[in-house]
Amino acid sequence: MGRLYTLFRWEMNDVVKNVLLLFGILLAGMAMKQSLMDVSSSTGSAYGTEIRLFGASKALHVSLNIHDLLHLSDVWTLLGFLILLLGALTFRYDRDSGVARSVYSLPYSNTEIFGVKLLSLVIYGFTLALLPFAYVSLTTYASIAGHLPEITSRFIGDALVLVAFLVLYLMAVATLTSLAAPNAFLAFIIGFAVIYAPRVTGSSEIPPQLFISAISRCWNSDFTPFTARYIGWGILVPLALFAISWILIKRRDVV
Amino acid sequence: MRFWGALLSAMLLLAIGSLWVYSSYEDRVGSAGPFFLHPVERQGNVTYMPYVHIHTPTSSLVEASCDGSGVVEAYDVITGEVVDNHTVSGHARYQFVLPREGDYLVINNGTSKLTCSFRFIKNYPTEAVQNSIYISGSAFALLLALVVWRWSK
């Protein structure tokens, strides 16, 4: 186990990836914070014999604002960009710079190296997506932090599942393009095309747009992320891409 | 080691950035309305209550400007406490404080109609928010110092 841990530590402490993490968390967090800084209002009416107006579950705008943090277009543009770069740095850049020749000649199997690199990518990806969200929503609403579980109970579970699906998909694309492309720049550009084509063409049938619009819809109480389409794109497709990447890393020599 | 260094620096900078966001938001004037506030109607035990929901991300000094006559009441949505009530007849311009970030409910508890608009002229983070940022920021800074110290050894 210590043997793999050494590799894992080496993989986690790559300087460029660390710098990327630093700016990623900072920029995503600041974008989220700025988006909360606004007054909002709405009108409505209540009618009946017993009117319930108060309680944590009635804090509509707090709930909406926290919900909005999870589908900010700025943040997902940034995260898509950073996860693709992280993938290229993890799986491709070491080969370009020649480090991989030494790493892959160490007494580790290619599968072990792939597993450790993937684990570090997963940790980086989820840290980037979830840490700024948690920090910003908890500190901005610190006076009512105790009520936040109830305020957000309407969407938080479904939304986080969708975020996980989306991050997995982004990481799978990043992994496969990095292992298939001949160098890090091409890997990044191809991944970029795959991730951004659906956004610019406005097609909401394929990720990442599929998930981003689903996150905004999980406000509805009858919405569930556990349908064939979301599980297919969020778990099965990433698993398939990871499997192909695994075959590639086992079969291809380090170039 | 370096991973934790990067992570903690990012969180520390995010804490500092949050404070900076509050200092620039302090004087930003937000507005809500104008709203037409229909009075609450009660017929027997059936109540018809039109309301306005207002959200502020900080505690705010609000300037209300109302026309008509009625009683403008503001409640904290989570606790149901009355934050402010003000009787208006004719025209009134008055100020009140929303004590913390969150949602507020505004109704007209009078008998005739009102039009109100609200300007958020001063916005300050509450003590709880400031404490959460200072304490988390200090914790990040201390842990970062520890990481750097162990790093240098």
One point scatterer per Cα, no solvent, Debye formula: log10 I(q)/I(0) for the stretch A:103-251 at q = 0.13 Å⁻¹ comes out as -0.70
Among A:Tyr104, A:Leu70, A:Gln34, the residue whose Cα sits farthest towards the positive end of the charge dipole of chain A (+1 at Cβ of Lys and Arg, -1 at Cβ of Asp and Glu, taken about the Cα centre) is A:Tyr104
Scaled by the rule-of-thumb 2.2 N^0.38 Å, the alpha carbon Rg for the stretch A:30-126 gives a ratio of 1.89
Treating only Lys and Arg (+1) and Asp and Glu (-1) as charged, each at its beta carbon, one finds that chain A has a dipole about its Cα centre, in Debye to the nearest 20, of 560 debye
Of the candidates A:Ala46, A:Thr224, A:Gly125, the farthest towards the positive dipole end of chain A (Lys/Arg Cβ +1, Asp/Glu Cβ -1, centred on the Cα centre) is A:Gly125
One can check that the equivalent ellipsoid of the protein assembly as shown, built from the alpha-carbon gyration tensor with semi-axes equal to the square roots of five times its eigenvalues, has lengths in Å, largest first, of 50, 24, 16
Taking max minus min of the Cα coordinates of the stretch B:2-152 on each principal axis, largest first, gives extents in Å of 75, 33, 19
The stretch B:18-61 and the stretch B:68-100 have their Cα centres apart by a whole-number Å value of 10 Å
If one builds a Gaussian network model of chain A from Cα atoms under 10 Å apart, the most fluctuating residue listed among A:Ile231, A:Ile144, A:Ile51 is A:Ile51
Looking only at lysines whose Cα falls under 17 Å of A:Lys17's and that sit 8 or more positions away or on another chain, we get A:Lys117
Taking the reciprocal of mean 1/r across every pair of different Cα atoms in the stretch B:21-106, the Kirkwood radius in Å is 14.2 Å
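Kindly provide the helix-only [θ] at 222 nm of chain A, computed as the sum of -39,500 (n - 2.57) over DSSP H runs of four or more divided by all residues, to the nearest 500 deg cm²/dmol?
-22000 deg cm²/dmol
Computed from the coordinates by the stated procedures, all read-outs in this text should not be read as laboratory data. What you are looking at is a predicted structure, and each value in this text was computed from that prediction instead of being measured. Counting neighbours? That spans all protein chains shown, and the Cβs are built from the backbone with ideal geometry, glycine included.
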